[in-house]
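Everything on this sheet refers to the single structure shown next.
The values are calculated or read from the model by the stated rules, or taken from the named source; none is laboratory data. This one's a predicted model, so the numbers in the text were calculated from it and none came from an experiment. Here Cβ is always computed from backbone atoms with ideal geometry, including for glycine, and neighbour counts include all displayed protein chains. For accessibility, only protein heavy atoms count, side chains too; no ligands or nucleic acids. Shrake-Rupley method; radii C 1.70, N 1.55, O 1.52, S 1.80 Å.
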Amino acid sequence: MLIVTVLSFNSTHVPKTESLLFNTCSNFKVSFFNCNQLLPEIDCDKEGQTKDPVGLCTSDLGQEIGLWNLTLFNKMTGRKLASASEEYWNHNVLDFSSTINDFGVPKWDLVLCLLLAWVICFFCLIKGIKTTGKVVYFTAIFPYVVLTILFFRGVTLDNADEGIKYFITPNFERLLDANVWKDAANQIFFSLSIAGGGLITLSSYNRFHNNILRDSMIVAIGDSFTCVFGGFVIFSFLGYMAGKLDVGIEDVAADGAGLAFVVYPEAVSSLPPAPLWSILFFFMLLTLGLDSQVIIVMQK
């Protein structure tokens with residue numbers, strides 16, 4: 001539902017080589033304060049450059065032009081540099097209010113995206129299960145095509161091996177943490193829609209003598225495979241972004257929506273032509289969201 005917002009273009013404020021708003025540090029609405037592109041790492045040894053005690057490299061006029069020591073900068077200022085996509089997600093799309101008491105106003109672009117999602121859902125269900133079944137053939141297969149393309153792109157990026165190594169290397173100390181098992185259970189319950197009624201709703205349309213055991217095995221194995229495959233895709237790009245930001249893999253992006261709207265936008269922006277891949281990726285998210293939305297409506 002955020003596809004319209006994230007795929008906005010503004011050629012006046014964005015260089016031709018970076019035509020996506022989430023791939024640049026400044027646009028028509030926000031000038032990002034902690035964007036890593038605004039403070040690149042430099043040697044700070046040229047004439048007119050001064051090494052600030054907090055790790056900043058400043059000009060004679062006091063302008064911040066880069067960092068000569070990122071570790072010192074993080075420690076002394078408490079500021080954490082973020083990618084352009086993360087800054088765009090937090091400040092442009094979500095547009096957090098200053099306090100919980102400030103409700104703000106509805107964002108018209110997100111409201112229109114929500115309306116569009118329900119209109120599409122209506123046309124998917126207008127003729128009942130027959131229409132839905134045909135739509136799902138596309139919405140279920142298309143994400144795998146995009147993920148496969150992103151996988152082969154991701155593993156070829158610099159520092160991708162570090163991200164994949166972080167993903168497949170077990171941390172046995174964390175296995176003793178109950179929160180890890182709680183998060184794992186949440187993931188399984190969420191991805192399989194256990195107790196949500198989605199699978200039960202779909203199975204109710206099967207023939208009376210349908211092999212439900214076979215279908216259950218296919219769904220369970222397919223879901224686990226998709227989670228692992230998606231992990232390889234996401235962590236290859238996490239490794240790439242960690243190398244760019246000079247931070248640990250765990251510090252690149254938050255979980256949840258942050259992975260879909262921070263890491264993947266960074267990923268598609270590295271695929272030429274970036275606008276094309278961005279449209280494909282966010283269209284994939286739209287199809288995944290529609291699947292869930294249609295099933296929820298069918299349960300009512």
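Cysteines in the chain that lack a partner Cβ within the 4.7 Å cut-off: 113, 121, 124, 227.
Tell me, what is the per residue accessible area of the chain in Å², probe radius 1.4 Å? Walk me through the numbers before you get to the answer.
Numbers: 18450 Å² over 300 residues.
Dividing the accessible area of the chain by its residue count gives 61 Å².
Put simply, the amide H of residue 57, placed in the peptide plane, has neighbours under 5 Å in 52, 65, 66, 67, 68, leaving out anything fewer than 5 places away on its chain. Which aspartates and glutamates have a Cα lying under 18 Å from the Cα of residue 165, excluding residues fewer than 8 positions away in the same chain? Result set, ordered by chain and number: 173, 246, 250, 251.
The antiparallel fraction among DSSP beta bridges confined to the chain stands at about 80%. Take the chain, drop everything but the C-alpha atoms, weight them equally and run the Debye formula without solvent; then report log10 I(q)/I(0) at 0.07, 0.08, 0.14, 0.16 Å⁻¹ to two decimals. Taking Cα atoms of the chain as identical point scatterers yields -0.35, -0.45, -1.25, -1.49. For residue 82, the residues whose amide H sits under 5 Å from its own are 35, 36, ignoring neighbours fewer than 5 places away on the same chain, with H placed 1.01 Å from N. Expressed as a whole percent, the accessible area of the chain that falls on carbon and sulfur atoms is 65 (1.4 Å probe).
Please work out the ratio of the alpha-carbon Rg of the range 78-182 to 2.2 N^0.38 Å and round it to two decimals. Write down the numbers at each step before the final one.
Details: Rg = 20.9 Å, N = 105, 2.2 N^0.38 = 12.9 Å.
That ratio works out to 1.62.
Across the range 185-197, rounded Karplus estimates of 3J(HN,Hα) from the backbone phi angles (6.51 cos²θ - 1.76 cosθ + 1.60, θ = phi - 60°) give 5, 4, 5, 5, 4, 6, 5, 8, 6, 5, 6, x, x Hz, Gly and Pro being marked x.
Extending 7 Å from Cα along the Cβ direction at residue 61 and again at residue 190 yields two label points whose distance is 4.7 nm.
Applied to the range 129-141, the Karplus parametrisation 6.51 cos²θ - 1.76 cosθ + 1.60 on θ = phi - 60° returns per-residue 3J(HN,Hα) values of 5, 5, 5, 4, x, 5, 5, 5, 4, 7, 5, 8, 8 Hz, with x for Gly and Pro.
Okay, helix-only estimate at 222 nm for the chain: each DSSP H run of n ≥ 4 adds -39500 (n - 2.57), divide by all residues, round to 500 deg cm²/dmol; what do you get? Mind showing how you got there, number by number?
Numbers: 11 runs with 155 residues, N = 300.
So the helix-based figure for the chain works out to -16500 deg cm²/dmol.
Show me the ranking of peptides 92-100, 169-177 by mean Cβ neighbours inside 10 Å, starting with the highest.
Values: 92-100: 11.8, 169-177: 8.3.
Put in order of decreasing packing, that is 92-100, 169-177.
Cα-Cα over 24 Å: which of 107/182; 80/107; 75/244? It would help to have the intermediate numbers written out before the result.
Numbers: 107/182 34 Å; 80/107 27 Å; 75/244 19 Å.
Too far apart for the 24 Å limit: 107/182; 80/107.
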